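Read the structure below first, then the notes.
Computed from the coordinates by the stated procedures, all read-outs in this text should not be read as laboratory data. Please read these numbers as outputs of a predicted model, since none were measured by experiment. Cβ placement follows ideal geometry from the backbone for every residue including glycine, while neighbour counts extend to all protein chains displayed.
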Amino acid sequence: MPPNIGYHGEADGRVPGIVTDDSILFFLNGQKVTLSNPDPETTVLQYLRAQGLTGTKLGCGQGGCGACTIVVAEIQDADGRAEPRYSPQLACLTPLSYMHSKHIITIEGVGTADSPHPIQERIALLHGSQCGFCTPGMVMSLYAAMRESHRKQSELSEEEIERTFDGNLCRCTGYRPILDAAKSINKERTMAGAIGCGEENCCQLTSSEPVPSDCLVDLTFPKVEFKHYDQTQDLIFPPYLANHKELQRNCLHLVSKRHTGATFEWFSPSDMEGLSKIKAQRPNARMIAGNTAAGLNAFLESKDNRRFSRSESESVIWIGRIKDMQQQELGSHSKGGEGVWVGAGCNMEQFKQCLQAGSEKYRQPSIYKAFLKSLDTYASAQIRSMATVGGTVILGANFSDLNPLFIISNSRARIYSLKSQRFRDLLVSDLFPTTRESNPGRPLSGDRRQPLNNFDPNDDVLHAIFIPQKCCASKDTKEYVQFYRQSKRHYASLSSVNLAVRVNLSSEKKISDMAVAFGGEEVLQGPTQSRSFEFSQDLCREIWSDQTTLQALIVKIEKIMQKVTVGAANEDDDQAYRRRKRFVSSVMAGFMMRLWSTIRNDLGDQSNKEKSMSPAEEIHPGTNKTTHDVLQFSKEHEILGKPLPHTTALSQSTGEAIYVNDMPKADREAYGYMVVSERPHAFITSIDASAALSIPGVLTFITGDDIPNSKRMFEPRMKLDEEYFPREVVSVGTSIGMIVAESAELAQEASRLVKVTYQDLPAVLTLDDAIAQGSFWSEEMVVEQGDFEGQMKAADVVFDGGCLLPGQEHFYMETYSARAVPRLEDNEYDIYAACQNPKGLQDEIAKALGIGRHRVRAHIKRLGGVSTATLQIELFLNHRILQGFGGKENRVIPLAVSCAVAAKKLRRPVRIMFQRNLDMQNTGNRHPYKVKWQVAAMRDGTVKAMKIEMYANGGCNSDVSSLVLAVTMGNCEGVYRVPSYHVSGRVCKTNTPSNGAMRGFGGPQACMIAESWIRQLAGAVGRPLWEVQARNFYKDGEVTFNGLQLVDFYAPQCFEQVKKDSDFERRFQEVEEFNKRNKYRKRGITILPSKFILGMGGVIPQNQASGIVHIYTDGTVLLYHGGTEMGQGLNTKVIQVAAETLGISTDKIFVTETTTDAVPNPTISGGSMGSDLNCGSILIACRKLAKRLAPLQKSNPNASWEEARFIDECTIISKAYEGRINLTSNGQHKSPLNKAGTKAFQYQSCGAAVTEVEVDVLTGDWNILRTDVVMELGKSLNPALDVGQIEGAFMMGAGYTTMEEVTYSRNNGSHLALGPNKYKIFIAKDIPKTFNIAFLRGVTYDNQATVNRSKGVGEPPLLLGGSVYFALRHAIESAR
C-alpha cells in the first residue's frame, strides 16, 4: 500500500454502544485479503498499483476516462439470497474501505497474454488496441457487461454493447475496432468488421440472388479463429463472502493519524441505529455514499484539500452499507398515492430497475419514462454503478438531471432525524432554494453545493424518496412529463441545459396544471425551479394545441431565463456572455417547442401531410457499421502488406504492458511533483517551502539552484531557450520547482503547500490583445508569388472572408511521466520517460548534470498515446533549417531533467507523473488562429489570386510556433492551384500556456483555411462546390506554396473515387430535398479533399535512422531501432520488414525498447515518418545479413533456419555461427531527395472524405450519419494498422473542428477545461453510424522511394475530420 506517512497508533475513539471492527476483508481476483486498519483515504487504485497490479491505469483521477475501470462483485440483497451482481467501477474514486465484503476483479484476474480471456483476445487480434493505455479499462467495462448479461441470461444488443463504453475514452483507435471486437464476442462471429458496403440494403446482406461481380470486393480483414467465450470459466463469486453474512453486520471504524495530531476517522455503520449513535458522538461528521463527487473535487484541486497535512480532525460516515437505505419497493404514500419508493442509498442502476418495475406495474406512466430517459444519459456505466439517488439530491448541483424531475413530479423525501430518531416527510422541491445566491464564478466551484432548505446536515438523513405514478392530485386530468437536455456530448457529459416539465390537461385538452424545473452547467445563478402557479396562472384554461399556447410557452420561458445568470460569468467578456445567454434561451425555447409538439401529437391534433419529421422527434445516435476496402496490395508479399495485429496488443489487453509509471518501485525510490505558477506574468520575490518540508516523508524541494550545470533547455536551430525553474513566470502552470517525497500522493499535496510571493507584471491574455499591443514572437513572415495586384484587378469576382480556428488539447491517455535511476557508480543514469525524443532527453539531462552523454541512457519502451508531430523542413521563408518538437517530444524533458537532478541530489531513484489537470495546464495545445483573406476568381470559379493574413497564438514560449505557422502558410491553398498569392503571418506572444507541435503540425489549420475560402468562392460564383473544387485542383509537376513539386499527385483521383463510392451527388440532392421538407431537422453533406506534405527531405541531421539486428543461434532475431512505439504499430511494421527480408516468420523476431546505448543519436519519432525511417534502417541491416547467409542457403537448400532439433541437423544459423559469420548487422537509412530534388519535403499524401450529418434545429444536437474516406498511402506495410490510424486521426480531426473546446480564463489566461469532466473528446457512440474506409484504387507508386513504396499515415487523415464541421455548416445554412 502507499506509505501511510505520519500515521502512528491504533484506531481509537470508539463509539459507545456499537460493535466496531477496524479491519476490512475483501477478495481480489479470487484471493482473500484482510487489512487491519488501512488508511481510509487510500483509494482502490492506489492500493492495486502498490500491489503491483498496474494494469489498472491512472488516466485522469476524475472518473471521466475509464482507464481505472475495475469490476466489483457483491451480493446486494440484505439476506444474501440474491445472486452476486457485477458492476464496472472507477478505482480512482473508490476508497479501498468501500470494498469490505466485496470481490474486486482487475484486468490481471481476467486473463494473461499466454492465456487471454476471449474479450482480451478479440480486442487484441481485431486491432482494438493501439497505444494500449486505455485497453484494460475497455476490457473491464465489457467484461462487467458480459458478466451481468450472463447473470440475467440475456444477450447484449449492439446498442447495449456500444453504450458499454460510454465511460471509456480512447484517443488512438477511433473506437471502431473495439466495437467490432465486442460485437464479435456477443454473436460469436469470426470475422473482423462488417460485410458489405455499410448500407442496410447492401446486396451482400439482403440479396438471395448471386451478387454482381463488381460488388464482390473483399471489404474485410481475413477471418480469425477465436476462443469460444465460456462464462463458466470466469472467476466465480467467492463462496466465503456468500456464506459469512456477519461481514455485513458490524460497524467498520478506521482511523488514520497525522504528524499534526489530527485524525481522519472513517465509519461504516450497517443500520440506522449505528448511524444515529455515531452522529451523536461525531455531530459534525460528513456523510458520503457513492463518492463520485470526488472526481469534481479532483478537477477543482484546491490547497484546502489536504490529507497528510491536515490540521483539524475530520470524521466521515459511509452510508453505503445501510441496507435500509437501499430498499426498492412499489407501494403508496399517504399524500402521493401509488408509486415507487427508492432508498437514498440506491445507485443509479438500482434506481433504474425500480423505475422499470414501476413502469410495468403502473402501465408506463410518463413520469417514470422521463426518469428512465434521464438515467439513460446519466454519466457513464461506471458512475451509474456508484452514484446514489440521495447523493444527487443532497449535493444540490445545478447540473443535476434528476433534481428537476424530482421537483416537478411532486416527489417526496423521507427524512430521518438522528436526534429524535423519527421520520418526517416533505416535498423534495422544499429542499431546494427557490433562487441561487452563489458566486457566479467558474462552473462547479460556485454552485455545486448549495445549502438545502428544511434540512440540517448535522441531524438529518435523507432516507428514501417516493415518486408517485401520477404527479398531480387531480384524477380527471391527463398527465404528461417530459425531460430534455442538451450537453457537449450525447453521453457521459453533464447537461449544459436541462428542462423537466409536467403538464396536466383536462378532458377539453386545456391546461389545468403545469410545472417546470431546469438546470445545467450553463445555468449558474437564478431560479432552480418555476413553481406550478407561475406557469399555471398565465396558461390555465388554454387549449394545448393552439398556436397561441406555443407562443405563450416560449415567451414565458424566455422571461424566466432573463433572470438567470449563465456560463462562467466572471470568465466571459460581455459579448461571450450574451452569446451564452442566447444559447440557453434558444435551447429552452426549442425544448418548449418539442414539448408542445409531443403532446399535440399524442392528442392527435397534428397532421403531417408532407411527411416531414415532427419537432417532437429527437436525435438518437445509431449503431455503427463499418467497411474496409484496403487489401489491394496485400498479395504482393508473404508478410509485408498483411493486416497483422499489433505485436504487443495481447500484453496491452491483459494489462501486462508496462508504461513508465507502471515500472516496479525500486528500493528507496522517491516521487516528485511540480510547484507551478498561479500568475500569468510575474516576478517571483520569494519561495517558502517550509510548510511542505515539515511533513514527515517530504524529502526536498528542487529549484534551479540544485541544477549543477546548464539550467536552460537550449536548442539553437529552433531558437529554443527556456529556463527550467525561472524566477520570471510567463503563464499559469509555469514550473517553479519540484517537491520530492516518499509517495506520489504526498508529493502532490506538499507541492500545493509551497508559498510563492509574486510581483505581478503586465500580461497579454488573448490573441486579439496581442495583435492590438504588437506582442509577437517573430517578425512578419511572407510567402508570395506572381502579380497579385494585377490578378485582383482582372478578376471577375473578388471577396473578403476570414475564420477563427480554435486550439485543441492533446489528451493522450498517459500523462507526462519520467523516471531517473542513478547507478551510483561512475556518474551513470538510466532515464525512463514517456517521450518521443530519446536523443533530446539524453542531451538535456547530460547538459544539466554536467556529464557526457555516454553516461546517460534514455529508455523508451512505449508511449500511452501521443498526438504530436515532428517536421524537419528547410524553412522556405528564409532557408533556416529548424527542428520541431512538441507534446511528448520536448515538453516532457523538463520533468526528466528535474527527476535526474533530484536523483543526483538524493542519490536515489525519483519518478514523476502529472495529474491530468496539471498536464493539461502545463503542456499547451494546438495553435489557435485568426485569419483574414481576399480571393479573386473568374466567373467559372477559377482562382486567380489570393491574399491571406494570419495570426497564430504561440503562448508564453516561442517553442516551434514559427515553424507551425510556416507550415500553415505553405499549405493554406490546400489542393488548389493559386497562380498569384501573398500570404503573411505572425506568431503572437501571450501569457497563456505555450502551444507547440501537435498531430498535423499546422496542417489541419491550413486545410480548414483552404476549405473555407473555396466554399465561399463556390457561393460567390453560384456553382456547385465540387465543380469549383475540381476546377482548381493542382496537376502533377506544379509547385505548391511551400516549394514542393508535385509528383504522383492523386488528390483528384481520391476525390473522384470517394464521390463515386459514396454516391455523393445523388445523396446531395436527397439532402436538399430532405431539408426542403423538414423545418426542425436538417441534414448536411460535404466533400473535402486533402493534401498533407511530409517526409524529411534534404541533407539534414534528422533525415536518417539507424537500426541493429542480432541473430541468435536458436534462430531468433532481436531488433533495435531509434523510433518510439506510440501505438501506431511501428514495431509491428519493422518486424514485418525484417521477416520478409530474412524469409522467416514474425514470431521469431522481437523488438525490445528504444535505448540510446543500443542506437545512439536516434531521430525523433514524429511527422508520420517513423516507419519510413526505421523500417528503412532495418531493411538495410537485414539485407546485409541475408547477403551473408545467401551462400549457406544456396549450398544447403534443405537446411532449416532454426536451432537444430537433433544431433547433426543442419541449420542455416548454426552453419553461419560455426563459420564465424557475423550475425549482427546495423543499417543506416537516409531519406533520398524527392524527384524534383527539393529539400523542403519528400512527398505528399492525399485523401478525400464525404460526410453526412443531421442537426436538430431546436436544440443544436447533432449526429454523424455517414462518412466515406479514401486515402492514398502508397503500398501499405500493414493495412489494418493504417486503417486504425485513419479512423483515429479522422475522429481527432472531427473533434478538433466540432466538440473539443479549449477555454481560457480572461482573468489569468489559464485553461478552464482541465480534465474529461469539462474537456470533451468523442466517445464510441459519437463515431459515424456508417464509416467506410478505402484505399485509392487503380494507381501506381513508382516514384515513391520508401520501403515497399509506403507512405506515412499518422497525420494526413486528420485533415479529413474537418468534413464533419463543413457538413454541419451546410445543415445550419439550410436552417437559416
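Kirkwood hydrodynamic radius of the range 1066-1136 from all distinct Cα pairs, in Å? Write out the running numbers ahead of the final one.
On the way: mean 1/r = 0.0553 Å⁻¹.
18.1 Å is the Kirkwood radius here.
Applying the Karplus relation 6.51 cos²θ - 1.76 cosθ + 1.60 with θ = phi - 60° to the range 846-856 yields 3J(HN,Hα) values of 4, 5, 5, 8, x, 10, x, 5, 5, 9, 10 Hz, where x marks Gly and Pro.
Radius of gyration over Kirkwood radius for the range 670-807, both on Cα atoms: the Rg/Rh ratio is 1.21.
One quarter of the surface of the convex hull around the alpha-carbon atoms of the chain equals 52.7 nm², the direction-averaged projected area.
Are there trypsin sites (Lys or Arg not before Pro) in the range 340-438 that DSSP marks as loop and that have at most 13 other Cβ atoms within 10 Å, and which are they? Mind dumping the intermediate values first?
Numbers: sites: Lys352, Lys361, Arg363, Lys369, Lys373, Arg384, Arg412, Arg414, Lys419, Arg422, Arg424, Arg436; in loops: Arg363, Lys419, Arg436.
Loop-located and lightly packed - Arg363, Lys419.
Could you grab the relative contact order for the range 695-784? Cα pairs under 8 Å, six or more apart, rounded to a whole percent.
27
Partners of Lys1079 within straight-line reach, counting lysines whose Cα lies under 21 Å from its Cα and excluding those fewer than 8 residues away in the same chain: Lys609, Lys611. Stretching His333 away from Arg249 to a fully extended chain increases their span by 27.3 nm, per 0.36 nm per residue minus the current alpha-carbon distance. Mean projected area of the convex hull spanned by the Cα atoms of the range 923-1014, taken over all viewing directions: 5.5 nm².
Which percent, nearest 5, of DSSP beta bridges in the range 249-378 are antiparallel? Taking every DSSP beta bridge with both residues in the range 249-378, the antiparallel ones total about 65 percent. Once the chain from Lys1060 to Thr232 is taken as fully extended at 0.36 nm per residue, the excess over their C-alpha distance is 293.2 nm.
Across the range 631-648, rounded Karplus estimates of 3J(HN,Hα) from the backbone phi angles (6.51 cos²θ - 1.76 cosθ + 1.60, θ = phi - 60°) give 9, 4, 9, 6, 9, 7, 9, 6, 10, 4, x, 8, x, 6, x, 3, 4, 10 Hz, Gly and Pro being marked x.
Summary of packing: across the peptides 1336-1349, 891-904, the per-residue average of other C-beta atoms within 10 Å ranks them, highest first, as 891-904, 1336-1349. Simple rule: put +1 on each Lys or Arg Cβ and -1 on each Asp or Glu Cβ in the chain, find the dipole, and look at Leu1119, Val316, Ile70; the Cα lying farthest toward the positive end is Val316. Between Gln1285, Asn1317, Val1270, whose Cα lies farthest towards the positive end of the dipole of the range 1270-1331 when Lys and Arg beta carbons carry +1 and Asp and Glu beta carbons carry -1, centred on the Cα centre? Going by the Cα projections, it comes out as Asn1317.
If you keep only loop residues by DSSP, which trypsin sites (Lys or Arg not before Pro) in the range 59-168 have at most 12 other Cβ atoms within 10 Å of their Cβ? Write down the numbers at each step before the final one.
Working: sites: Arg81, Arg85, Lys102, Arg122, Arg147, Arg151, Lys152, Arg163; in loops: Arg81, Lys102.
Loop-located and lightly packed - Arg81.
With the charge dipole of the chain set up from +1 on Lys and Arg Cβ and -1 on Asp and Glu Cβ about the Cα centre, the Cα lying farthest toward the positive end among the listed residues Gly396, Gln382, Ile1149 is that of Gly396. Once C-alpha pairs closer than 8 Å and six or more residues apart are averaged by separation and normalised to the residue number of the chain, the relative contact order reads 11 percent.
In a fully extended conformation the segment linking Lys563 and Glu780 would gain 73.4 nm over its present Cα-Cα distance, using 0.36 nm per residue. The antiparallel fraction among DSSP beta bridges confined to the chain stands at about 80%.
I need the peptides 1132-1144, 468-480 ranked by packing, meaning the mean over residues of other C-beta atoms within 10 angstrom, with the highest value on top.
Working: 1132-1144: 23.5, 468-480: 17.6.
Going from most to least packed, we get 1132-1144, 468-480.
Dipole size of the chain about its Cα centre, with +1 on Lys/Arg Cβ and -1 on Asp/Glu Cβ: approximately 980 debye, rounded to the nearest 20.
Straight-line cross-link reach from Lys1215 at under 17 Å between alpha-carbon atoms covers these aspartates and glutamates, not counting any fewer than eight positions away in the same chain: Asp1114, Glu1202, Glu1203. In this structure, the residue pairs whose Cα-Cα separation is over 29 Å, taken from Lys102/Lys152; Lys323/Lys475; Lys1035/Lys1351; Lys989/Lys1320; Lys1035/Lys1329; Lys32/Lys257, are Lys323/Lys475; Lys1035/Lys1329.
By average Cβ neighbour count within 10 Å, what is the ranking of 1120-1126, 242-248, 103-109, 1020-1026 from highest down? Write out the running numbers ahead of the final one.
Working: 1120-1126: 28.3, 242-248: 13.7, 103-109: 24.7, 1020-1026: 16.1.
In descending order of packing, they fall as 1120-1126, 103-109, 1020-1026, 242-248.
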